[in-house]
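Novice: The following block contains the structure, expressed as structure tokens.
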Amino acid sequence: MRSLAAFVMRGRSAAALVAATAAVLFWLFPPFLIVATAVVALVTLRRGAAEGASIALLAGLAAAGLTWLTLGEPWPMLRVLALCWLPLWLLALVLRATVSLARTLQVAALLGLLGVAGFYLALGDPAVWWGALLVKLRQELAAVTALGQAADRAALDQLLALFEGWAPYLPGQVVGATLLLVVLALLLGRWWQASLFNPGGFRPEFQELRLGQPLAALTLALFGGAMLSGWPPLTNAALVLGTLYTVQGIALIHAALFKLQLSPAWLLLFYLLLIPLLSQVVMALGVADAWADIRNRIRPRPGKR
């Protein structure tokens, strides 16, 4: 990965080539979008706003052109890149100016809340919008599904019913997922920058990540209000902030394992269990850390320095 970052920093053409290629590969393997976005982050962090915007424009046009050749239209690629690269570019500028991951993620929280509000302004009630889309999907399935495939129809109907139940929380899920991708790309770009120009600098910066008590209090208030009222907008806002506190929880786990000098196998096990079992626990740890200062309470094991 360090060699890839070094290639990106060779010049504008190299950076645009890597970003465009990774963006197109997103259609085959979605995590490639993180790599493409991290290229824009690295260039913006190192060379500033104008160069970062130039790379995003060149790579975006190239990726859209390749998508046009393969899918017949460029708009899906352009929409995906606009949703990811614009907030990433803004956050990279904040990080470049403040040299603070915490302040940058606080700005990301604001962007996420604005994204949820924009979702409601653009679509109105997401349940109504999603319900209309599901009606069209059901009609298309009924038209193309043969009578002998009744079992398949029933399974698809159950899946669509599940999506319909999620509809009120669509803004929080979409914005939260997009924000997580952007933050992961920003962290990858920051790690690349440190590996090239400040070896060893990323580890302490990430492990000391704290988003602060005011944002933690707001997150708790939103979750509490959502549980008491059941009002979807509160739930959606809480989901977005919870995503960022999951990132802080991950930073806390990294700091704890480093301080205890445990085997990297424990970190691998943690990531394997994160999504299916531990994501909510990690988020809760991230929020609690705002007051508990868990890092400073951890003592190295006897015999370790």
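The values are calculated or read from the model by the stated rules, or taken from the named source; none is laboratory data. Note that the structure is predicted; figures quoted are calculated from it, not measured. Cβ placement follows ideal geometry from the backbone for every residue including glycine, while neighbour counts extend to all protein chains displayed. Just so you know, the surface numbers come from the protein's heavy atoms only, side chains and all, with ligands and any DNA or RNA stripped out. Shrake-Rupley method; radii C 1.70, N 1.55, O 1.52, S 1.80 Å.
Novice: Which one, P232, G65, G242, projects farthest toward the positive side of the charge dipole computed for the chain from Cβ point charges (K/R +1, D/E -1)?
Specialist: Of the options given, the answer is G242.
Novice: While we're here: Tell me the mean residue ellipticity at 222 nm calculated for the chain from its helices only (DSSP H runs of n ≥ 4, each -39500 (n - 2.57), averaged over every residue, nearest 500).
Specialist: Value at 222 nm, helices only: -27500 deg cm²/dmol.
Novice: By the scheme Lys and Arg +1, Asp and Glu -1, what is the net charge of all other residues having a beta-carbon under 15 Å from that of L101?
Specialist: Result for the neighbourhood of L101: +3.
Novice: Still on this structure, please answer the following. Helix by helix, which DSSP H runs in the chain go 18 Å or more along their axis at the Cα atoms and have an average Kyte-Doolittle hydropathy of 0.0 or more?
Specialist: Long hydrophobic helices here: 12-25, 32-47, 49-71, 75-98, 101-123, 126-144, 150-166, 170-197, 213-229, 232-260, 279-292.
Novice: Taking only protein heavy atoms and a 1.4 Å probe, what accessible area per residue, in Å², does the chain have with all protein chains in place?
Specialist: Per residue, the chain has an accessible area of 53 Å².
Novice: Of the heavy-atom accessible surface of the chain (probe 1.4 angstrom), what whole percent is carbon and sulfur?
Specialist: For the chain, the apolar C and S fraction of the accessible surface comes to 70 percent.
Novice: Looking at (i) 0.99; (ii) 1.10; (iii) 0.94, which value of Cα Rg over 2.2 N^0.38 Å comes from a calculation on the structure shown?
Specialist: Label (ii) holds the value from this structure.
Novice: Which one of G52, W166, A117 has its Cα pushed farthest toward the positive end of the charge dipole of the chain, where Lys and Arg give +1 and Asp and Glu give -1 at the Cβ?
Specialist: The one lying farthest along the dipole's positive direction is G52.
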